[in-house]
Amino acid sequence: MAKDNKVNANDNIERRLDMLDRRLDDIDSMVSAAIERVMSQPVTLFVNCPNCGKNIEISLVGVKKPGI
């Protein structure tokens, strides 16, 4: 009986690890797609300085490598 519980626990751990692996792959795919879209066009962030109150403009320009 104890052996069955141990085998069942191992199967449960493997199943959960497989689910986690699939979820991480999905997250990786979504982040990669978002980064590809951002890298294909310029992005500008406007931030207010908490100390002096001035506006700060941060511009990011991505460059795609050929073939990617």
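Just so you know, all these numbers are worked out from the coordinates, no wet-lab data involved. If you're wondering where the values come from, they're calculated on a predicted model, not measured in any experiment. Note that we place each Cβ from the backbone using ideal geometry, even for glycine, and neighbour counts take in every protein chain shown.
Before moving on, here are some points about what is shown:
- VAL38, sole failed condition from (1) surrounded by 10 or more Cβ atoms within 10 Å (Cβ to Cβ); (2) over 17 Å from the mean Cα position of the chain (by Cα): (2)
- Residues in segment 6-55 that are among the aliphatic types (A, V, I, L, M) and touching a strand residue (DSSP E or B) at 6+ places or on another chain (Cβ under 7 Å): 3 in all.
- CYS49 fulfils the conditions (1) hydrophobic (A, V, I, L, M, F, W, C); (2) surrounded by 10 or more Cβ atoms within 10 Å (Cβ to Cβ); (3) closer than 27 Å to VAL61 by Cα except for a single criterion, (2).
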